1. Be a star and scan the stretch 21-41 for residues whose amide nitrogen sits under 18 Å from the point 7 Å along the Cα-to-Cβ vector of LYS139.
2. Fewest first, what order do ASP59, ASP93, ASP28 take by the number of other Cβ atoms within 10 Å?
3. Mean-square fluctuation check for the chain, GNM, Cα pairs under 10 Å: which of PHE77, PHE148, PHE133 is largest?
4. Taking only pairs that are 8 or more places apart or on different chains, how many Lys pairs in the stretch 47-128 have Cα atoms under 24 angstrom apart?
5. Would you mind checking which residues have amide H under 5 Å from LEU25's amide H? H placed 1.01 Å from N; only 5 or more apart, or other chain.
6. Per residue of the stretch 145-151, in order, report the coupling 6.51 cos²θ - 1.76 cosθ + 1.60 (Karplus, θ = phi - 60°) as ³J(HN,Hα) in whole Hz, putting x for Gly and Pro.
7. How large is ³J(HN,Hα), in whole Hz, for each residue of the stretch 128-134 in order, when computed from phi with the Karplus curve 6.51 cos²θ - 1.76 cosθ + 1.60 and θ = phi - 60°, using x for Gly and Pro?
8. Ratio of Rg to Rh for the stretch 88-127, alpha carbon only, Kirkwood?
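Computed from the coordinates by the stated procedures, all read-outs in this text should not be read as laboratory data. Owing to the predicted nature of the structure, the values given are computational and were not obtained by experimental measurement. Every residue, glycine among them, receives a Cβ derived from its backbone with ideal geometry; neighbour counts consider all protein chains shown.
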Amino acid sequence: MRLAIALLAAAGAAAMAPASGKPVLTVDGLGPVRIGMTIKQAEKALGGKLVGEAIESDDICVEKESKAGPRGVYYMFEDKTLARISLGSGSPDRTPRGIGVGATAQQVRRAYGVKLKAEPHHYAGLPAEYLTFWTVLGKRGIRFETDFRRKVATIHAGTAAIQFVEGCA
């Protein structure tokens, strides 16, 4: 019985990772960096310093990136803990369902199905939109921000902070 459970768990983990073996962006993190980590813990996991300036204070909310780490990846810390990881231009990373920056809104819809919530983009309006998939409603999820060409421009994963439109707001 234990062997069957272990084999099922391994099969599930293999299904969640792309064939390339690269880390995937989930609602819980990207590679060794996990939602809920402090800045110091994230820096240790990445093996380098995170840089970025807060609008008010690092204690309240700040977005940072790793100069040595993955390209196009941004880390948002709220109240000194990692609340959101964002993939932007230049990031080769993908979600467990294979969606990355540059995918179409239709690909997102096919991958995430009917539980995907669509809303018009705050600034660009339709056809640009936000496509949000919650694993825990209002608490953990992934949001795909599409542009006027209906292509994914940014992917946010983590806490309710995925809903912030302008950085920490």
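1. Counting backbone N atoms under 18 Å from the label point, the list is 27-29, 35-37.
2. Numbers: ASP59 11, ASP93 20, ASP28 14.
The fewest-first ordering by Cβ neighbours comes to ASP59, ASP28, ASP93.
3. PHE148
4. 5
5. ARG94, THR95
6. These are the phi-based 3J(HN,Hα) values: 9, 9, 9, 5, 8, 6, 10 Hz.
7. 5, 7, 9, 10, 10, 10, 9
8. 0.99
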